[in-house]
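Okay, structure first, notes after.
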2 protein chains.
Amino acid sequence: MACDEGPLIVGGAEVKRRAASYCYRLGISSDVEPISPVYGHQRSRRSSSPLPLVREELKPHEILDQGVESFGYDFVQNSVFIEELMKNGTIGKRYSIEVIRHVVLFLIGFCTALAASLIDYLIEVISELKYRTVSSLIVRFESGWLFSIPGFAWCGINVFLTGLAAVLVAFLAPIAAGSGIPQVKCYLNGLNLPRLMRCLTMVVKGAGLVFAVSGGLAVGKEGPMIHIGSVIAAGISQGRITFCNWSLRFLRFFRNDPQKRDFVGAGAAAGVAAAFGAPVGGLLFTLEEGASFVYQRLTWTILFASMVSMFVLALIKTVVHTRTFSFTPGGLVSFGTFTFLDSYSIYEILMFLVMGVFGGVCGAVFVKINALLTQYRQKFVTSKYAKVLEAMLVSFLTTSIGYSFMWLIRDCSPLAFTTNPHPLRLMCADNEFNSMSSLLFNTPERSLRTLFHEPPGTFSVSSLVVFFVVYYFVACITYGLSVSSGLFIPALLIGASWGRVIGIWMNSSYPESFPHPGKFALIGAAAQLGGIVRMTLSLTVILMESTGSVLVGLPLLMTLTVAKYVGDFLSEGIYDEHIGLSSLALLPWEPDPLSSTKRAHDIMCSPVVFLSPCMRVGDLIRKVESNPHHGFPIVEGPVDPARFSYGTLIGTISTEHLGILLKHRIFLKEDGTPAKSLTFDEYDSAYPSYAKLKDVLSQLTEEDMEATLDLQPYMCEAPYSVPEVTLTFAFFPVDNCFCPFA
Amino acid sequence: MACDEGPLIVGGAEVKRRAASYCYRLGISSDVEPISPVYGHQRSRRSSSPLPLVREELKPHEILDQGVESFGYDFVQNSVFIEELMKNGTIGKRYSIEVIRHVVLFLIGFCTALAASLIDYLIEVISELKYRTVSSLIVRFESGWLFSIPGFAWCGINVFLTGLAAVLVAFLAPIAAGSGIPQVKCYLNGLNLPRLMRCLTMVVKGAGLVFAVSGGLAVGKEGPMIHIGSVIAAGISQGRITFCNWSLRFLRFFRNDPQKRDFVGAGAAAGVAAAFGAPVGGLLFTLEEGASFVYQRLTWTILFASMVSMFVLALIKTVVHTRTFSFTPGGLVSFGTFTFLDSYSIYEILMFLVMGVFGGVCGAVFVKINALLTQYRQKFVTSKYAKVLEAMLVSFLTTSIGYSFMWLIRDCSPLAFTTNPHPLRLMCADNEFNSMSSLLFNTPERSLRTLFHEPPGTFSVSSLVVFFVVYYFVACITYGLSVSSGLFIPALLIGASWGRVIGIWMNSSYPESFPHPGKFALIGAAAQLGGIVRMTLSLTVILMESTGSVLVGLPLLMTLTVAKYVGDFLSEGIYDEHIGLSSLALLPWEPDPLSSTKRAHDIMCSPVVFLSPCMRVGDLIRKVESNPHHGFPIVEGPVDPARFSYGTLIGTISTEHLGILLKHRIFLKEDGTPAKSLTFDEYDSAYPSYAKLKDVLSQLTEEDMEATLDLQPYMCEAPYSVPEVTLTFAFFPVDNCFCPFA
């Protein structure tokens, strides 16, 4: 869908906005009018890659070469699809479709919870084994000059596990690297990223996650759950195994882009629900970050899946741990009960806002550093082996720094304070433990709960500040490695550490008003996370559901809002930054201000490339090959621009559908009647892995080239169109569409 | 916009779907094809008024006579509006618009909270005075044969207050009757109901609410808060006082239908936030019940207003009651802290689902009875005096039944159990109180908390059952009276009473597993409310936020879902039922199954009524007068259907804009140049109370009739169009639009 060459025509509102987004991003318009300085200015202020740079670096063909196309958003109204629609249009059929939909949604939630439980269980087992081994080594070598041996053992285990994680991702599924949230966001936004929803990607993501988290990297398992949930949804809803050519007939109603995308949204929400025990948060995550169309059934669909996911996960957790059927709602990570969160003074709220500012600044700096690192990686760390080595190096650094700081910082607290299963004594007294160890020698989730809940005297300010600085840079280096890695928990940990420092200060200044520093740790965690990812509404609800208390909602929302605004002033959010660095054209929610001066004829191409209702195959192929568009308008009647005669637009057809027609040789016989017709099953079996046009063309014979193709029964006979004077955007989201026909 | 006569053309997606909804509802199509039996069957199974009935009873003109038109959804792209758009298109201007928007949103939240506090305070004061007076009378006359005197006094006070409430509504603003939720729902759905957003309506609603609630009717103050919030939003965002011709210039950007509707949505959410202390619930309420377009800025807009509203209300409450600035988040009604809600057994969940079924059935019966009553009222209680008398009669009934049952049912509990400020002893021992009195002789909110929290032995099963039956019918009679009345609290009370009965049974059977019946009371309340209003997602979050505990979310959601499905099987929700009874065409979320067989040419009219770009005023007026449409297509070129020549669609114009043109006499001079042009200010000052076409026409002279009007500069030059073969709906919400031009 390159807009400098093709008409902006196919599909509905979304495609149009996407097309315009492409054009503006690339600085291209048909009459080669340069993008106005206003737009360039705005981009350069907010993004690390200002427009002129993007313009030189990216050619539309590069985007096409990546194989990233837009999803379809509309019902293809041709005779075959209409016939199928009529079949499913009866009440009974529709009810049964709804029943199937709910079964599919249930399975999505169920499997997501199962996957989450399995991952959680494996991480628990491996981590427990690791910490037990290392802590017994520490106890043995603690007092001698061999005290560094446990450190080497710990490093060795971690580097090995991280190496495994990196090998899996680098060699089997590079798209499984990172949290997957930017990719899922793009997918829901309408970009069909290749290999994102494959089963292999999910398996690599899951296994890589187990090794990365238990390998002691500064990563969380929550973000990747969103990706895993999405893949599960894409898989179950399509009910098809491509390589053994098996597919469920009664799921064919769901095998089209809009339906699939809705299920993927539900899967993402189910992932959030499983990770944080936050079904409503999951719903809002999908709505805020992903879905471009929101309608009531979608909302319900998403909520149902995420509810099932959370329910099943909570039940599995309870049955495994307590062998009873009595469960407490919750997810993989739980922040524990905050007993001290009931009322707020107005001064406290002001303090929270200040923390929001700090979190925003801190988060923006994090994003900037990480973006620079990513650019560096894109240039220099390109081979698979280098990626694995880099991950192992970072793992070594993380572990050795952690081990050193445990010895260097002597911050002892009474043993009674801790809930850590492996408290290390190190250089402390007999009934004490090293509180640095409960931060560094622990799974990230447990460290987080420690910061939220351990009593006031547990940590000294200096050890928290050291932890903050170290973890900040370690987390920053880690995100972007070639391993599955979530960013939520590390960001929360960073924020909780500086938040708790503020809490300790407040506590020592006004011990009566602020009996526990945990409240500030929570707000700090939220501020930091908000400053990095820039979500407000969904993050509020997710954190609210994770703490189990509604009363934290208001202060959380205020802090997150401030953190977002402050952060946005300094940089983009980390997901958007990474999307930008991968040159993906995410469609923004708001139209660009420049668009108010642009009309359809400014960005459409001329002369328009079009097809005729009946064409010789050879002519068709020449036209399609020289214009690599995603779809073509079909025009009837005399076209002669010199005489202002543009014919009549009678339909559109996508390149994929042209490919199906050519592959099945739906040509006209010599008497003008079709030799055979396409059936819905042929369309269905081609979805979504359409044969490449190149491959189809190579199979055509010389004789085929002379045949005639009647496009009329297979074109979408009801394209939308607007006059060419239409403004490309108005102030508010308008749902319209382009047609360059006056 | 009558679809049997006019073209279905003006505007975007919404208007199209609305038009089709009209047609299907009325059973009208241009070629007089009867609605298929499938559709009729579906309607009659679900609605009390099957289609054939609706068809005979309603004529499109009746709907037009009500003056209900659809809102505009799109930017009117004509030269005047484009010029204004360019002015506001610069970055600086856009930022200042955003700042103004946030100030407006803050004010909406602030004023809604203020209004809610004032109403709450007045109700508290009047109720306290009333209960103190009556309880002192009861103490004086308790033991003699004059025990009925306090009853008469109580009745007198209540009847007087209710009478006041009814007089206000019946004589000043009949649209302020009821909760206002159905009307706000229609408004957000896109129906421009007259007088709904007037200041007078709000004042009457507020004052009527104070009198109705303190008058002891079975009504809550929460539903009407949503309407009040909406009116506040509509007022503040428009910044205009019509009768003194004063308007704020810098708010003119917000004076158009889409912007105003977004603000009204935010106001409705602010109302929910103030009523229940539920900002996220308020957001979801607006999304679930109202807004048809959802986009990120709208979400944020709504949340910001509702957050401010809840914050200000909580602060005002705290400052008034405790004189400190330390506040607990919360709204007008709070369900108190449920300490016993932490974990659930799988059996309990099953029990909750059964309760959901009961709630659904109970709710559907409630809706049915209420619908019959409403039909009866529409026929027989038509005069204003009758309405006032009816309200007073119901008030008398409510109070006298309440007083009798307090004497008839001797259910005594230890005084230590109650938190009721006026516990009545009646026939109980010295250190006991009559527990029936804490239900009936109390504000509904306090009765509700009593049912949720008082210890297990407080109420006997028999008194709860009696209360349930009585309150069920009283609430059913009350909703639909000519007073401001919310349904949430009565419904919750009904459900809490039967829920608590179940809780008592469970408690007596398994005292260890179920120590407190309050959990079941909460679930029962949710099930009953869900069975009546049929909200799921937003209601879950609202109730979750009101209880302050996230852990109730999952069981609440399950119960509400079951209640909704069971209820939907038996009847429509009460709001939809009332909307149907008022013959308003609410646009459903899902397309009708029948629509999959309908194409644009099936429901469009032929021949199409259209205007020419340049017309003699007399011809224009004749055409407009004989076709009372909301808008007209403008067609250029030769039109001769016999030769299949339909001209070219070049634009559209709405009747309101035609009115402005005629009013300002924008005619051409004799040399063909315009005598004067319209400015944006003239459009702005006409919005939204457009002059009636009739009035404009009466001012035109004979000479004017001969003048020529050039519509081209003022028409919307970019209407959407689709071929006439377009299917009216597809499986999923499609955003398209009609044009009957091939």
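Bear in mind that the values in this text are calculations on the coordinates, not laboratory data. Note that the structure is a prediction, hence the values are computed from the model and not measured. Heads up, the Cβs are rebuilt from the backbone with ideal geometry, glycines too, and the neighbour counts pull from every protein chain shown.
Worth pointing out:
- For B:LEU114 and B:LEU200, a Förster radius of 22 Å and the Cβ-Cβ distance give a FRET efficiency of 0.75, rounded to the nearest 0.05.
- Listed by chain and number, the lysines placed with their C-alpha closer than 27 angstrom to that of A:LYS692 are A:LYS16, A:LYS59, A:LYS185, A:LYS260, A:LYS623, A:LYS663, A:LYS669, A:LYS676; residues fewer than eight positions away on the same chain are left out.
- Prolate/oblate/rounded label for the stretch B:208-303 (Cα gyration tensor, a/c 1.5): oblate
- Residues B:ASN88 and A:VAL725, FRET efficiency given R0 of 25 Å [Cβ-Cβ distance, rounded to 0.05]: 0.80
- With a Förster radius of 35 Å applied to the beta-carbon distance between B:GLU682 and B:ARG297, the computed FRET efficiency rounds to 0.75.
- For peptide A:298-304, the mean count of partner chain Cβ atoms within 10 Å of a residue's Cβ comes to 4.
- Here is how far apart the B:VAL461 label points are across copies: 6.3 nm, shortest first, using a point 7 Å from Cα toward Cβ.
- Take each residue in B:320-332, count the other chain C-beta atoms within 10 Å of its C-beta, and the mean is 3.
- Counting only Cβ charges, +1 for Lys and Arg and -1 for Asp and Glu, the dipole size of the stretch A:425-516 around its Cα centre is about 180 debye.
- Cβ-vector label at 7 Å, A:ASP695, separations to other copies in nm: 6.9
- Relative packing of B:92-100, B:120-128, B:465-473, which averages over residues the other C-beta atoms within 10 Å, highest first: B:465-473, B:120-128, B:92-100
- Euclidean distance between Cα centres, the stretch A:196-250 to the stretch B:656-679, Å: 64 Å
- Between identical copies, the spacing of A:LEU408 label points, each set 7 Å from Cα toward the C-beta atom, reads 8.2 nm from nearest to farthest.
- Relative contact order for the stretch B:279-337, counting Cα pairs under 8 Å that sit 6 or more residues apart, in percent: 29 percent
- For the stretch A:129-144 and the stretch A:252-312, distance of Cα centres in Å: 45 Å
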